[in-house]
Amino acid sequence: MAFELEEYLRAAFRDKLLLPKMPEREDDYLTPATRLLEKRRELAEVEQALLAQKEDNDSKRSRALHKVSEQREQVVQKVVEAMRLRQEIARLLVERNRLQRRLEAHAIFRSYLQGVLEKTEQFQEIQALIDRFKTLTATNVALVQQDLGSREAMAEKQAQLQQYLEQSNNEIMQLNNQLAVLQAQQEQARAKVHQWESKWTEIQNTAAKKTLQLGQIKMAALNLFQLVTKQMKLQVDVPLEDTETQLDMVQLCMLDLADILADLRKGEPAPAIQPSPAAAS
């Protein structure tokens, strides 16, 4: 750019210096002062021309530098965007591989549920089996809450009975000192004790029924737990009497299987719903 400007200025200067000769005037013999003024005028014109040319080249150079700066900034932005896109592509590839590995690892659960369906005639679809499990879980929770309420009520009655027995014993001790006078009151107290004993017997009978129901529930939960652990070939050290832990393990397995089945079914067409034998009858 500087070389071209220098050449341009030299050419303009040469053009000004090689001015055509002035035509001869009648007065060919000019005075030295007149000739000096004429040369100064010509020199001023050359300087003005050079200044104008310099300003024009400076403006072009400024515009060119500004354009180069804009282009450089655009290139930097494109490089940054390209780097960001490469990082995003790499992240998506890692995520895709992770999901693919998870899908392959959980394929065994779908096969397990399908095998369970083939061995039973009660359910036609895996979702029906999962819904049945959820129903049993909800029923178990309700029964546990009911049993807890019965236990609390029984404990309250026992506390009341204990309190009454203590009061009765105190009264009996006092009545022993006044046996002759307070015989009637003693008989009345014994009648009340008999009444409370009858209530206590009734409470025990009710508790026995609830205990029987609870035992049946625990047996059903144990059977379901053993079926799940056997089918999934799990080695879990859970005591036979720990029903809550058994149900928790069954629930976790079923929920995992349900999530995996839901993920697998997202890309599959919805199967036609076949009526169950109970609905057909």
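Every read-out reported here was derived from the displayed coordinates using simple, explicitly stated rules and does not represent laboratory data. Keep in mind that this is a model prediction, so the values were computed, not measured. Using ideal geometry, Cβ is built from the backbone for each residue, glycine included, and neighbour counts are taken over all protein chains shown.
Looking only at the range 206-263, which residues are over 36 Å from the mean Cα position of the chain (by Cα), among the small types (Gly, Ala, Ser) and surrounded by fewer than 15 Cβ atoms within 10 Å (Cβ to Cβ)? Those that are over 36 Å from the mean Cα position of the chain (by Cα), among the small types (Gly, Ala, Ser) and surrounded by fewer than 15 Cβ atoms within 10 Å (Cβ to Cβ): Ala208, Gly215.
Taking the range 71-109, which residues are part of a helix (DSSP H, G or I) and touching a helix residue (DSSP H, G or I) at 6+ places or on another chain (Cβ under 6 Å)? Scanning the range 71-109 gives a single hit, Phe109. With the structure loaded, tell me whether Gln122 is in contact with a Pro (Cβ under 9 Å, 6 or more places away or on another chain) and free of Cβ contacts under 8 Å to residues at least 40 places away in the same chain or whether it fails that test. In short, yes.
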